[in-house]
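The values are calculated or read from the model by the stated rules, or taken from the named source; none is laboratory data. Not measured: the values here are computed from a predicted model. Cβ sites come from the backbone with ideal geometry, for glycine too, and all protein chains shown count toward neighbours. Surface accessibility is based on the protein's heavy atoms, side chains included, excluding ligands, DNA and RNA. Shrake-Rupley method; radii C 1.70, N 1.55, O 1.52, S 1.80 Å.
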Amino acid sequence: MHLGIEGRKAIVCASSRGLGLGTAKALAEAGCDLVINGRNEKLLYQIASELAAQHNISVIPVAADISSPEGQQAVLNACPNPDILVNNNGGPPRKDFKELDRQAIQDGVIQNMITPIELIKAVIDGMAERRFGRIVNITSMSVKMPIKGLDLSSGARAGLTAFLAGVCRQYAQHNVTINNVLPGKFDTDRLKGGFERQAEQTGISIEEAKRLSSEEIPAKRLGDPEEFGKACAFMCSAHAGYITGQNLLLDGGLYPSAF
């Protein structure tokens, strides 16, 4: 499908790997000029060079922690007037909630709730004035289905979802949409770390841990970050202007619900 966003300017946070990278690739293919972000400067610059050459677009890499005020400002300096904002950030490490102290809880909320809200505040009025804006927040399936040890991540992302449910309706009249994309189990480095822990704890191989996890999913496989990116890119497209305040679950059918 032709997405109708060639030449649009897009910020994709935490996009040097995983789901963020999959999204950056899909937006690059759609013809968007990009600002990509991550902490690994060498990798980030390599990705920027490859995407720019492959798709004949502008790609500006910004190596920074997007959770910090300085990191956010660096990204916004690189693209002061984005048409598209994809909020993404790593989640807190898996921990029992009783192990979390006040600082850890605050850090998790900053990562997965406060940071996207701050970025949205910075760009949304400009989008409204230009009569085009697409904001997509990459959250998690755990917003709908609790996952053991991810209570902090789930809580912060659920807070973001509730916070923006009213905001999105204030801006819909200006052709600015805000939606959330909720990934289930995708074949990323973060999930690989979980397989490594499972293998270490149970004595099985990493491949066996991966197979067992895939068997729990009705689709019988893990998701591909690039297919995630294409779904996310559609939510950023010219065709998605009548979709706002929604949670798009991409989980291969793992969450069992009729609604």
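Filter region 115-153 for residues that are outside any helix (DSSP H, G or I) and touching a residue at least 60 places away in the same chain (Cβ under 8 Å); which is most open to solvent (accessible area, probe 1.4 Å)? Walk me through how you get there before you give the answer.
Initial filter on region 115-153 (outside any helix (DSSP H, G or I)): 131-140, 144-150.
Cutting the leftovers down to touching a residue at least 60 places away in the same chain (Cβ under 8 Å) gives us 132, 134, 136, 138-139, 144-145.
Numbers: 132: 10, 134: 2, 136: 0, 138: 9, 139: 8, 144: 85, 145: 49 Å².
Checking each candidate, the answer is 144.
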Identity of the residue in region 200-233, open to solvent by 70 Å² or more (accessible area, probe 1.4 Å) and in contact (Cβ under 8 Å) with a residue 60 or more places away in the chain, that ends up farthest from residue 174 (Cα to Cα): 224
Neighbours by Cβ (under 9 Å, 6+ apart or cross-chain): first from region 61-72, more than 11 Å from residue 39 (Cβ to Cβ); second assigned to a strand (DSSP E or B) and open to solvent by 30 Å² or more (accessible area, probe 1.4 Å): none
Hits in region 82-114 (condition: within 30 Å of residue 7 (Cα to Cα), at pLDDT 95 or above and open to solvent by 30 Å² or more (accessible area, probe 1.4 Å)): 111, 113, 114
Test set (1) over 23 Å from residue 8 (Cα atoms); (2) touching a helix residue (DSSP H, G or I) at 6+ places or on another chain (Cβ under 9 Å) - residue 215 fails condition number: (2)
Single residue of 217, 204 found to be part of a loop (DSSP other than H, G, I, E, B) and at pLDDT below 95: 204
Selection count where residues are part of a helix (DSSP H, G or I) and either surrounded by 15 or more Cβ atoms within 10 Å (Cβ to Cβ) or of a type in the set (Val, Ile, Thr) (or both), scope region 166-189: 5
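Within region 1-35, track down each residue that is among the β-branched types (Val, Ile, Thr) and within 19 Å of residue 124 (Cα to Cα). It would help to see each step written out before you state the result.
Step one: of region 1-35, the residues among the β-branched types (Val, Ile, Thr) are 5, 11-12, 23, 35.
Within region 1-35, 5, 11, 12, 35 meet the criteria.
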Residue check, residue 31 under 22 Å from residue 237 (Cβ atoms), modelled with pLDDT of 95 or more and surrounded by 14 or more Cβ atoms within 10 Å (Cβ to Cβ): yes
Test: residue in region 78-100 that is free of Cβ contacts under 8 Å to residues at least 24 places away in the same chain and assigned to a helix (DSSP H, G or I): yes
